[in-house]
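What follows is a single structure, written as structure tokens, with notes after it.
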Amino acid sequence: MASLTPCDQSPSGQVGWAATGLALAVAEAVACGSERGVLEVMDGLWRCKKGCKKGQSILKGWAKDRILLVMSPRALKTWLFAPAAFGFLMAAMTALGLAPVSEAESRILDSPVRTDIAVPSLGPQLQALAAHGLELSREDEVRAGDSFERLLGRMGIEDRQAEKALQNRAYSKVLRTAQGRTAVVQTDLNNRLLRLQLLQGGDAWIFERVGEGQFEARNAQLLVETRTEHRSVEVGQSFFGAMDQANVPSAVTDEIVTLFESDLDFRRQVKAGDKVRVIYQAKQVDGRDLGDYRLIAVRFEASGQTYEALYFESEAVKRGNFYDAEGKSVKRGFLAAPLRYTRISSSFSRYRLHPLFGDPRAHQGVDYAAPVGTPVRAVADGEVTAVGRNGGYGNAIGIQHNQRYSTYYAHLSRFAPGIKHGRSVRMGEVIGYVGTTGWATGPHLHYEFRVHGRSIDPTKIAKENPQVPSLSGPDLVQFTTVAADLRKRLSLLDSVNTAAGPSLPSAKPNKTAKP
Ligand SMILES: [Zn+2]
């Protein structure tokens, strides 16, 4: 059994390539899609081992050496996915679509998708390759002050002709406003730039080579697809490590923690052998994750208990929430804590010696020690009523949750983008980041919980935390159907462990126009 290095371990995190055998390159490209993955050869077949998102497509392998390569999905589909093979894959993916899981489909879940694809000999393949133009793809992020030269240089492209063609005022203006966007380039085998895309969600600036030394730019809205991903994870050394290893996005992991943290201490109660089954959705453009995820269902077996949460959006309220199998809300009214903290460095007290001034003062909140930059979340839905510098509090945010409750977050290093006065925030939304601004002896979050403006001990409210209303009436009826399907899928996941990499074909993407 020969094993390949994961595509994502190529230098500097970008996807590189080395032409040691194009056929092999193609084999990996198929299994990885344009994503990163690991292939292995077993019984003379290429099989997807880890990180493959397009299901487990297999080619007969020829080569011994490894190669890292990514083709654009377009090039891939054009010449590699023979219609029959592609059809088979799509069928396998559709099997896990939104329809309830049937017995036949559950057999697909149980056994890995595996098929032989008739492969033409190498010569004609190479000809076809040349004819369709093999494209290599790499990506990076646009930084402040980037010029085309610098951006392309960072991605290993030296194409004077392209740089010259892109050197005009209009294009430079686009680039200047593109800071933070994902830059994706396609080149030919001679490392000539064919296309440069600056992406933000589905919004794309596309610079395309249209002739010798000629580029055209256009703005386009790309199709945003939603993929449903299934993961089955067994906790090993640590819960967070196991989730990372199974490629569960950290946003999804955080959401799971948020859901159960009132009932479960993730540091002490989660142990090796505990099981997590997760279904979530990922927004994608052109097979690339946009970093926009939604947790759909989770079942957590820890400390001999089973915790379950199923996402449901009620027609009436038009707002999603998580419920147990009976339609009772899993979410509490308030998060137990606004961040993932190291320890409580100072608890609430009506009287204490101030660490900086040495004199006795009340401590109106709780101090959570955490590294600078740790995300701070709104503990409940509400409206931002204060944001900015506030003396000893440093950078601080106040949120009014309802007539009765408000919360205050201080010493932040910075605010999350878009957080401003009057904006509504949702429970769990990141509002800022831990820092040391104001009177702080070290990085921590000073957090206050106020009832009618008067501070009370936040750890006390966590205990009396009210539950979000349960489902009833038509909502409950509708939820019962949704819940039955989701729970069936979670149970199917019990028979597999995807901790070493996803081994389930994903659901067919639902096409939506915008994220
Ligand atoms: Zn404090």
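The values are calculated or read from the model by the stated rules, or taken from the named source; none is laboratory data. If you're wondering where the values come from, they're calculated on a predicted model, not measured in any experiment. Methodologically, a virtual Cβ is constructed for each residue, glycine included, from the backbone with ideal geometry; neighbour enumeration extends over all protein chains shown. Ligands, DNA and RNA are stripped out before the accessible areas are found, and what is left, the full protein with its side chains, is counted by its heavy atoms. Shrake-Rupley method; radii C 1.70, N 1.55, O 1.52, S 1.80 Å.
A few comments on the model shown:
- Cβ-defined net charge surrounding G394, 14 Å radius [Lys, Arg +1; Asp, Glu -1]: 0
- Between Q403 and Q237, the simple spin-label model (points 7 angstrom out along Cα→Cβ) gives 5.3 nm.
- Only Lys, Arg (+1) and Asp, Glu (-1) charged, at Cβ; segment 136-221 dipole about Cα centre in debye: 240
- When H363, H452 are compared by accessible surface with a 1.4 Å probe, the order from highest to lowest is H452, H363.
- Dipole of segment 136-221 computed with +1 at Lys/Arg Cβ and -1 at Asp/Glu Cβ about the Cα centre; of Y171, T187, L199, farthest Cα towards the positive end is Y171.
- Remark: segment 343-463 is approximated by an ellipsoid whose semi-axes, taken from the C-alpha gyration tensor as √(5λ), come to 21, 17, 12 Å, largest first.
- 23 Å Cα-Cα threshold exceeded, pairs from K275/K331; K328/K488; K283/K420; K275/K488: K283/K420
- S314 accessible area, 1.4 Å probe, all protein chains in place, Å² to nearest 10: 10
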